[in-house]
Amino acid sequence: MPEIRKPFHRYPSKTFHEEEKYLPSFFIDYEYYGKIIHAEIRPNKQDLGYYQVTLNNIFLAHIHSVDGVWKDFLGVTNEIYGIVGRLIEEHE
């Protein structure tokens with residue numbers, strides 16, 4: 001008769017939910033060089049000031065404002081971060 005043993009490794013549990021990490025999204029449409037861009041912005045509840053940005057259903061970055069300049073978590077800035085950041089400021 002087989003012996004019942006406890007597993008060596010625990011299976012991942014569902015203790016961390018993506019819904020708990022982010023506040024509800026808001027959506028912004030803007031024109032960029034003649035094209036309409038659909039942006040989904042999700043404020044991060046754990047890291048206040050950071051926003052998850054998705055453009056046309058493609059993840060762009062997590063951005064935040066440092067002294068009025070919008071950057072990603074590595075400190076890199078570009079034109080899109082600045083445009084989306086200004087739209088976030090207008091929304092709030």
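What the table below lists for this structure:
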item: Residues of region 29-42 satisfying the condition of being of a type in the set (Lys, Arg) and open to solvent by less than 80 Å² (accessible area, probe 1.4 Å); result: Arg42
item: Considering residues of region 43-92 that are of a type in the set (Lys, Arg) and open to solvent by 70 Å² or more (accessible area, probe 1.4 Å) only, the residue nearest to Phe27 (Cα to Cα); result: Arg86
item: Contacts under 6 angstrom Cβ, first residue in region 48-64 being more than 15 Å from Gly82 (Cβ to Cβ), partner among the aromatic types (Phe, Trp, Tyr), 6 or more apart; result: His62/Tyr50; His62/Phe73
item: Residue check, Arg42 touching a strand residue (DSSP E or B) at 6+ places or on another chain (Cβ under 6 Å) and either modelled with pLDDT under 65 or of a type in the set (D, E, K, R) (or both); result: yes
item: Of all residues making up region 52-74, the number that are over 18 Å from Glu40 (Cβ atoms), in a strand (DSSP E or B) and either in contact with a Cys (Cβ under 8 Å, 6 or more places away or on another chain) or of a type in the set (A, V, I, L, M, F, W, C) (or both); result: 2
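The values are calculated or read from the model by the stated rules, or taken from the named source; none is laboratory data. What you see is a predicted model, and the numbers here were worked out from it, not measured in a lab. Virtual Cβ from ideal backbone geometry, glycine too; neighbours counted across all protein chains shown. The area values use the complete protein model at the heavy-atom level, side chains included, leaving out ligands, DNA and RNA. Shrake-Rupley method; radii C 1.70, N 1.55, O 1.52, S 1.80 Å.
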